[in-house]
Structures are given as C-alpha cells and as structure tokens.
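The values are calculated or read from the model by the stated rules, or taken from the named source; none is laboratory data. None of these values were measured; they are calculated from a predicted model. When we count neighbours, we look across all protein chains shown, and the Cβ atoms used for this are built from the backbone with ideal geometry, even at glycine. The protein model used for the area step is the full one, side chains on, heavy atoms only, and it has no ligands, DNA or RNA in it. Shrake-Rupley method; radii C 1.70, N 1.55, O 1.52, S 1.80 Å.
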Amino acid sequence: MQRQSLASFAFAVMCVMIYISGNGYVSSAMMDRLEWPEQAMPDEAVQAAVVLGGGMSATPDGTPELSRDGERIFSAAQLYHAGKVGAIICTGMSSDGVHNPSDDGRDALISAGVPSDVIFRIKGENTSQEMKSLRQFLDSPPAGFPPPGPILLVTSAFHMDRAMRLAASQDVEMLPFPCAFRGSVDRGFSPSRWIPGPDAMQNFGSALKEWLASLVGR
C-alpha cells in the first residue's frame with residue numbers, strides 16, 4: 001500500500017516458501033517419494049545389524065534418550081530379541097566428542113536387554129565417514145564378531161537410499177531394514193494439514209537435504 005514493491009515482493013515470496021515448506025501434504029508427498037519400502041524381518045538370522053547414528057538425543061541435564069528417529073535403536077533391539085541378528089554395530093560420533101551416537105546407542109541397547117558383548121561401535125561424523133569406518137571394521141573384525149554373512153542396514157526410511165548408495169561406494173553389501181517412516185498414512189482429507197507446521201517443515205528440510213546429497217553424489 002505504501003508502494004514498497006521490493007519489500008512486498010520479498011514478503012510474498014517468504015510467505016509462499018513458509019506455506020509450501022510447512023504444508024503437511026507437500027512434505028508427506030516428498031517423503032513418500034524418498035522413503036524405502038517397508039521390509040519384513042529376515043526369515044533367518046543374519047550376521048549383524050548396522051544401526052546408523054541419529055536415533056539419540058540428550059535431555060537438558062545430559063541424559064541420553066531416543067530422538068525422533070529413535071526407532072532405529074528400538075528396531076535393532078527388536079531384531080536381536082527376535083533372534084534375527086548375531087551382533088549390532090552402532091555408528092556415529094559427535095564433532096565435540098560429547099554424546100557420541102555410537103556410545104549412546106550402545107547404552108540404550110544395553111538398557112533394553114541386549115548383551116554388551118554383541119554390540120560394537122564405529123566412528124564417523126556423517127554417513128559417508130560411517131561407511132568408510134564400516135568397511136575398515138569388516139576388513140578386520142574384532143574378536144567375538146560373528147562369522148561372515150548377510151548384514152542388515154537399519155536407518156530411517158527417508159535416509160535409506162543415500163545410505164545404501166554410500167555403502168555401495170565402499171563395496172559394502174547390506175540388506176535394507178528401514179524404519180521411522182515419516183510419509184503419509186491415508187486417513188482421508190484433513191484441512192488442518194494445509195496449515196504450515198514445524199513437523200512438516202522438518203520433513204521438508206530432511207527431504208531437501210537427501211535430494212541435494214543425491215545431486216552432488218553424496
């Protein structure tokens with residue numbers, strides 16, 4: 001109204017971006033295109049399950065707890081207690097060395113009744129580094145690690161495609177076991193999903209990150 005055309009245009013663009021990125025239907029559609037299909041538990045026990053870091057966070061007092069992607073840890077515990085895996089490999093380290101995902105994941109699994117002697121840890125601040133560490137681990141496995149056999153990769157469904165691609169770049173063959181699905185469950189039309197929200201924005205950002213990583217070959 002005050003003829004501030006540039007400012008008005010910038011404000012309009014910002015509103016459109018917020019509306020699109022926070023729209024539940026848009027973010028769900030993006031996740032649906034990214035997420036690996038759900039897989040059943042293997043019929044027979046496999047050598048190990050590799051649980052990628054990212055399933056743990058910490059309380060303000062520093063107590064580790066499952067995060068939004070904590071289904072990674074829970075699925076690994078389910079696989080072990082169902083007798084489907086002989087060992088579990090937790091991955092990940094933080095840049096400052098505080099609350100390393102591999103350490104917190106190991107502690108969470110132990111608290112869920114998984115024996116400590118079947119849990120192994122490898123380093124890596126991102127998925128690419130984790131796969132390099134995994135290659136080195138498998139080339140020279142420690143004492144007590146099960147004999148060679150199929151390996152499951154446990155990570156969030158939206159992250160599985162990139163994780164499998166990076167594993168292949170290190171000549172590591174794994175069977176996908178996706179979890180922590182964020183795509184839509186068809187419950188019919190809901191007007192509230194058109195209203196921008198933080199969960200939808202987070203999903204939008206996660207999907208965008210995966211697509212950008214694919215474009216640059218990471």
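Key figures
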{"quantity": "Environment charge at residue 158 (Cβ cut-off 11 Å; Lys +1, Arg +1, Asp -1, Glu -1)", "calculated": "-1"}
{"quantity": "Calculated from backbone phi, Karplus (6.51, -1.76, 1.60) coupling profile of the stretch 107-122 in Hz, x at Gly/Pro", "calculated": "4, 5, 5, 4, 5, 8, x, 7, x, 5, 6, 9, 9, 10, 10, 9"}
{"quantity": "Residues with amide H under 5 Å from that of residue 120, placed H, sequence gap 5 or more", "calculated": "88, 89, 90"}
{"quantity": "Base-10 log of normalised Debye intensity for the stretch 62-218 (one unit scatterer per alpha-carbon) at q = 0.09, 0.13, 0.17, 0.18 Å⁻¹", "calculated": "-0.33, -0.68, -1.11, -1.23"}
{"quantity": "Rounded percent of accessible protein surface that carbon and sulfur make up, the stretch 100-154, 1.4 Å probe", "calculated": "48 percent"}
{"quantity": "Degrees separating the helix 127-139 axis from the principal Cα axis of the chain, which is the longest one", "calculated": "10 degrees"}
{"quantity": "Of all DSSP beta bridges in the chain, antiparallel share, percent nearest 5", "calculated": "15 percent"}
{"quantity": "Radius, Kirkwood style, for the stretch 1-84 when every pair of distinct Cα atoms is counted (Å)", "calculated": "17.3 Å"}
{"quantity": "Per-q log10 I(q)/I(0), the stretch 30-75, q = 0.13, 0.15, 0.32 Å⁻¹ (Debye; single scatterer per alpha-carbon; no solvent)", "calculated": "-0.46, -0.59, -1.15"}
{"quantity": "Amide proton proximity set for residue 152, modelled H, under 5 Å, gap of 5+", "calculated": "48, 49, 50, 175"}
{"quantity": "Lysines with Cα under 27 Å of residue 209, excluding same-chain neighbours fewer than 8 positions away", "calculated": "123, 132"}
{"quantity": "Cβ-Cβ FRET estimate between residue 6 and residue 201, R0 fixed at 25 Å, reported to 0.05", "calculated": "0.45"}
{"quantity": "Net charge over other residues, Cβ less than 15 angstrom from the Cβ of residue 27 (K, R count +1; D, E count -1)", "calculated": "+1"}
{"quantity": "Fully extended contour minus Cα-Cα distance, from residue 57 to residue 112, at 0.36 nm per residue", "calculated": "18.1 nm"}
{"quantity": "Separation between Cα centres of the stretch 146-187 and the stretch 108-131, rounded to whole Å", "calculated": "15 Å"}
{"quantity": "Built amide H within the under 5 Å cut-off of residue 67, gap 5+", "calculated": "56, 57"}
{"quantity": "Mean accessible surface per residue for the chain, computed with a 1.4 Å probe while every protein chain stays in place, in Å²", "calculated": "56 Å²"}
